[in-house]
1. What relative contact order, as a whole-number percentage, does chain A give when Cα pairs under 8 Å and 6 or more residues apart are counted?
2. Can you tell me the length gained on complete extension of the stretch residue A:284 to residue A:223, counting 0.36 nm per residue apart and subtracting the Cα distance?
3. Please determine, in degrees from 0 to 90 and to the nearest 10, the orientation of helix A:2-29 with respect to the longest principal axis defined by the Cα atoms of chain A, where the helix direction is its Cα long axis.
4. Using a Gaussian network model of chain A with C-alpha springs under 10 Å, which one of A:324, A:375, A:47 is most mobile by mean-square fluctuation?
5. Which of A:57, A:93, A:123 moves the most in a Gaussian network model of chain A with Cα springs under 10 Å?
6. Once you keep just the Cα pairs under 8 angstrom separated by 6 or more residues, what percentage relative contact order results for segment A:207-301?
7. Between residue A:166 and residue A:67, what is the label-to-label distance in nm when each label sits 7 Å out along the Cα-to-Cβ direction?
8. What's the center-to-center distance, using Cα atoms, between segment A:57-77 and segment A:145-212 in Å?
């Protein structure tokens, strides 16, 4: 297993080093091997989402509308809201429970010309202490008679981090994403996709409210100080996914992703799923996803003393942990035209249960000798209910 | 490095010249199963984009999720 991980890591590093060069070369050459492509379908989705777990509830709508304009353009707009009520373990041990709302708007445009699809998108999100803007560019091309699709992408993001109660606090983060994916028809029943993405961040990368704890002579045995992160981070991800059409009308899918970053985090994600249509109108989905990561180099649940090192983190997202998600979804399709301008629609429900188990993040709500508190774990339910219309 | 760049350029040249004449081994008329919506990696973009957001906000890993990507714009 270790040898496999080393090989995967080596492949990820080699691919990352050279795929920016590859992107440039392919951008120049793709039009020479052009075949066929189509624009995305015209559809509208109205989604209600809900996350409930670990003392946090987040819910809200997401509305996505896409429409073709003329023969060559397709435009889309997305409105998304997270309404957050948080009394998570981080909040109740070092701060006060809070409510907040995050609103996100996106607009995108796809342009199809001579079998090349060029995509652009702009996203803006805002909450009372965090603003984010990002611009996305992509180019996609089918080659080898439509057996292979190559997609290149680049994103640039600009965030502004604030801190409630401190109007003078405003820090910037700049982000860049480079993506390349190749999807391949292997047989008349099997599709595969390989994706690689490099992300770089620069700026204020820690959470302005989170704190780390260190051993002290106080009555409880420890105290808190502000966390300090490096102000740069670069990560590489490599994902391989496959979808297989079974001898009867049903599909299996599998996915593996390897992740590594300059903070010392390595992560592995595995997912398998099964899609089963039933009669003409129903589709059932089942999936299991396993995720495991090791901690960042500068993470510690309990530092030996104040200012023990130059970078300090106790965010559980940077700790060593694993999670297991089990998901179920059902979709009911209405084929008849129930309005003049609507061709068909579907009603969809899905639930995912995620169990998080932390290996070096302790539950300090329990009084015990510092460093011997029970390890923290929690589970969350993620529910989606949405209606889709095609027109 | 130079060897890999040379390899890339040669491969790209082959793609641009001879390989574009490769006969697709799965003919267009044999792709009806692949065109079935159940074979889509992201059948409902609004839903998969939301789930990526859920995971990104709680995990150290990010990227290569498929779809447009670009981060979750959250802290």
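Every number here is computed from the coordinates shown, using simple stated rules; none is lab data. No experiment lies behind these values; they were computed from the predicted model shown. For neighbour counting, all protein chains shown are included, and Cβ atoms are generated from backbone atoms with ideal geometry for every residue, glycine included.
1. 12
2. Working it through step by step, the gained length comes to 16.9 nm.
3. Tilt of helix A:2-29: around 50 degrees.
4. Taking springs between Cα atoms under 10 Å, the residue moving most is A:375.
5. A:93
6. Relative contact order for segment A:207-301 comes out at 19 percent.
7. Roughly 4.6 nm, to one decimal.
8. 20
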